[in-house]
Amino acid sequence: MLSSEIRRDNRWPTAFLDLRDAQGDLNRLFTSALRRRAQPTFLGVSIWVSGEGTIVRASVPGVGPDHLNVTVQGQTLTLAGQRDPEIAEGTSTQLRAERMHGRFVRTLLLPFRVDPEQVKAQFSLGVLTLELPRPAADRPRRIKIEEKPEEKSK
Amino acid sequence: MNLQAVGDPPPDSDDGAVAPTLAAPADVHETQGGIVMFLDIPGADPQSVNVQMQDHGRLSVVARSSLTPPPGYSLVHSEQSIGNYAWEFTVSDDIDEERIAAILKDGVLRLNLPKAAKASTKKIPVSFE
């Protein structure tokens with residue numbers, strides 16, 4: 001499974017991440033009966049693959065392309081960036097705080113090498129879509145099977 | 001200001017399939033001028049966003065994620081849910097409903113709810129008997 005290969009390389013302390021995961025699990029437990037799904041977390045990633053390459057889609061609401069930094073090296077894809085607080089601290093009373101702010105880094109280990117020259121990145125409606133094609137030499141090739149004529153029995 | 005998120009199911013999608021309701025994260029600030037909310041709705045189409053101020057300060061926000069899987073690819077890992085975003089808040093402050101503004105930028109919906117100008121405070125005279 002690919003999911004086990006994805007490493008979480010965040011700068012947030014791991015204890016905090018564990019807590020967040022536990023909170024997500026609890027939410028899932030209590031909300032399933034109400035048809036409410038657990039919170040889609042910031043920087044949630046979906047990955048699709050085909051023979052051509054892979055497509056990675058990440059939710060980064062509130063982070064414009066100027067604040068995003070995407071790097072590819074070999075099999076490693078790194079998404080980094082920053083989400084600034086919309087309202088300066090101390091100028092308001094915060095009644096609800098569920099969204100994360102600050103710097104983030106997430107590293108994904110892709111199932112194969114990608115051609116960094118061919119990577120396409122698109123940002124729309126708070127969603128980053130990356131098209132990461134495999135180098136032409138690495139793509140799986142269909143092997144033609146030749147049919148050998150049956151030898152005539154003597 | 002009193003905030004209550006009520007699990008009111010939003011309308012289902014047109015094709016009859018029951019889309020899940022996503023409890024997405026929200027920030028709510030109270031400033032001197034009013035209430036400012038930030039709702040994360042990545043992938044939501046601007047046309048699908050519906051903000052309504054109802055009776056008794058009930059504010060409902062509904063949006064639908066328009067993300068579709070890329071054709072010809074198979075999904076191997078998923079952390080993103082596709083469905084409806086829905087919130088319901090109860091706003092106890094007097095809000096100037098005419099001046100409510102909703103701005104969608106980079107997948108974040110910002111709602112500005114300015115407080116209504118209050119009538120000047122009236123001093124009640126106390127009489128002695």
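Nothing in this text is a laboratory measurement; each read-out follows from the coordinates by a stated rule. The model shown is predicted, which means the values in this text are computed figures rather than measured ones. Note: ideal-geometry Cβ built from the backbone for every residue, glycine included; neighbour counts use all protein chains shown.
Of all GluC sites (Glu not before Pro) in the range A:70-152, which ones are in loop regions per DSSP and have a Cβ with at most 12 other Cβ atoms within 10 Å?
Within the range A:70-152, the qualifying GluC sites (Glu not before Pro) (loop, at most 12 other Cβ atoms within 10 Å) are A:Glu89, A:Glu146, A:Glu147, A:Glu150, A:Glu151.
Using a cut-off of 11 Å between beta-carbons, work out the net charge of the residues near B:Gly43 (Lys and Arg +1, Asp and Glu -1, B:Gly43 not included).
0
So if I take the centroid of the Cα atoms in the range B:99-129 and the same for the range B:24-76, what is the distance between those two points in Å?
First find each Cα centre; the distance between them is then 23 Å.
Averaged over A:44-54, how many beta carbons belonging to a partner chain fall within 10 Å of each residue's beta carbon?
5
Which whole number gives the average, over all residues in B:101-108, of C-beta atoms from other chains lying within 10 Å of the residue C-beta?
5
Restricting to DSSP loop positions (anything but H, G, I, E, B) with no more than 12 other Cβ atoms inside 10 Å of their own Cβ, which trypsin sites (Lys or Arg not before Pro) remain in the range A:60-147?
A:Arg141, A:Arg142, A:Lys144
What is the mean number of Cβ atoms from other protein chains located within 10 Å of the Cβ atom of each residue in peptide B:74-86, rounded to a whole number?
6
Rank these for me by crowding, B:Ser48, B:Ser74, going from fewest to most other beta carbons within 10 Å.
With the fewest neighbours first, B:Ser48, B:Ser74 line up as B:Ser74, B:Ser48.
In the range B:79-129, which trypsin sites (Lys or Arg not before Pro) are in a loop and have at most 16 other Cβ atoms within 10 Å, using DSSP for the loop call?
Hits after loop and neighbour filter: B:Lys118, B:Lys122, B:Lys123.
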